[in-house]
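Heads up, the thing below is written out as structure tokens.
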Amino acid sequence: MVRSGYGVVDSADQADLIIVNTCAIRDKAEQKLYSLLGRLAPLKQQNPDTILAVGGCVAQQEGATMLSRVPCLDLVFGTDALNRLPTLVDRVALKKARIVDVGPRVSGENHQNPRTLKSGEGVSRFVTIMRGCDNYCTYCVVPFVRGRETSRPPEQIIKEIEVRVAAGAREVTLLGQNVNSYGNKEGLVSFPDLLTRVNKVSGLERIRFTTSHPKDLSEELIAAFGRLEKLCRHIHLPVQSGSDKILHRMNRKYTRTHFEERVARLRADYPDIAITSDIIVGFPGETESDFQMTLDLIRGIRFDSLFAFKYSDRPNAAAAQFKDKIPAKEKSRRLQALLDLQQQITLEKNKALIGTRQFILVEGFSKISATKEVQWSGRTSTNKIVNFRDDPVRDDQPRQPGGNDLTGKLITVVIKNGFFHSLLGTSVIKSPIHVRRKGVQSRAA
Ligand code: SAM
Ligand code: SF4
């Protein structure tokens, strides 16, 4: 859209084109979309030339139904129509037509055109390495809205990362529904090999990835954390449930014991690695005893943080047909009990970091206090947010706090306090440590 002359405005009422990007993973996200479209409708009445478009997975799922349900909508474009967006918008503007495009990607269309990237885009960027999923977990809509798994060629991924680094990125997060199976179908390089190539991109400081399916977490990938100095010490490993019966009904293809063994394996080699996860509560047939097994797993593993969700039926997903649904009130109770437990664990883990030195990549300001003191914000290698004052105790060139822009810099910070969502610190040295030797802090560490 940048190449078609579009730019970003501050509010929807100034826009010629409003695009709502959607997620279909849970029912709640879909409900939010319709209430947002209701709030946007008056803008369209005030200015009938404003184009209102919906893209992403709900668009893919609903197609023409959405256009008839929402009269003010001009364009519905699915997940594979993204590259056609400029043409679709032109057609809406010129022909005053209402259009639905949920068709497949035309061969030769790229995932992303790096030429449209601009500088100052941000320190940390997401890079899609694969799309779709072949796993068919019984609760999940992804295989139906994103299609079968396909991987991008490594050369294209590296090119995009190089362009992003030239535009100011210092960290990339490689995205896929199951990065462990990257390239398998197409006979490309393995995921650890891809990481090795990304690690060589000059100017890039840190690499993250998500998501890794516990059934496929290989020894080769575990070894990559030790081998690649830019690979951050964090893994998101969604377990979904602590009950083997529920894992089986979810079609996750691993057992609780397998999951616990993989976590133990990771921690044996990297005691400092952060492990986060996703949990679904109230999956059909989940008894109180199954739920207690999930709480027990959480107590045993002590994740650094968790994303927890109440199960919701999704179109086409097998579990939508399962009979023994859990009442909404019970799902809410289980979610709250789980969140209370995790909150306590996360807080204890964050408090345990008080007094430690952490190496962080600064992403920008967090706030300017009443006393005009600037607080910066960055992340540790373990993906914890650290807000800090730039008050170096060993700085050769004294300067006013906040006088220099630290965005994109690697800074060592001593942790002063730990909260549920973040850590508070103060910077201690200006320049990062570049050397990677055993026992020596690395760029990513
Ligand atoms: N590919 C990842 C994996 O296999 O773990 C998960 C991707 S999904 C986009 C993110 C999370 O949404 C899942 O891990 C799951 O916890 C949650 N989720 C997916 N479908 C759901 C549903 N129908 N109800 C509630 N939560 C759901
Ligand atoms: Fe959905 Fe399962 Fe694929 Fe993850 S692995 S995207 S949960 S089907």
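The values are calculated or read from the model by the stated rules, or taken from the named source; none is laboratory data. None of the values given here were measured: they were computed from a predicted structure. All Cβ positions, glycine included, derive from the backbone under ideal geometry; neighbour counts span all protein chains shown.
Things worth noting here:
- Residue tally, condition more than 10 Å from ligand 1 (Cβ to nearest atom), out of contact with any Ser or Thr (no Cβ under 9 Å at 6 or more places or on another chain) and closer than 18 Å to residue 243 by Cβ, over the range 294-319: 4
- Residues that are surrounded by fewer than 15 Cβ atoms within 10 Å (Cβ to Cβ) and assigned to a loop (DSSP other than H, G, I, E, B), drawn from the range 318-355: 323, 324, 327, 352, 354, 355
- Residue count for the range 410-439 satisfying the condition of being among the polar types (S, T, N, Q), at pLDDT 90 or above and in a loop (DSSP other than H, G, I, E, B): 1.
- Residue count, the range 165-190 (criterion: outside any loop (DSSP other than H, G, I, E, B), touching a helix residue (DSSP H, G or I) at 6+ places or on another chain (Cβ under 8 Å) and either at pLDDT below 95 or within 16 Å of residue 237 (Cα to Cα) (or both)): 4
- Of all residues in the range 38-57, those being touching a Leu at 6+ places or on another chain (Cβ under 8 Å), within 26 Å of residue 316 (Cα to Cα) and either within 16 Å of ligand 2 (Cβ to nearest atom) or modelled with pLDDT under 95 (or both) number 0.
- Some residue of the range 274-285 being at positive phi and away from ligand 1 (no atom under 12 Å from the Cβ): yes
- Residues in the range 39-58 that are of a type in the set (A, V, I, L, M), outside any strand (DSSP E or B) and more than 27 Å from the chain's Cα centre (by Cα): 2 in all.
- Candidate set from the range 126-154 (those that are assigned to a strand (DSSP E or B) and surrounded by fewer than 20 Cβ atoms within 10 Å (Cβ to Cβ)); member that is farthest from ligand 2 (Cβ to nearest atom): 126
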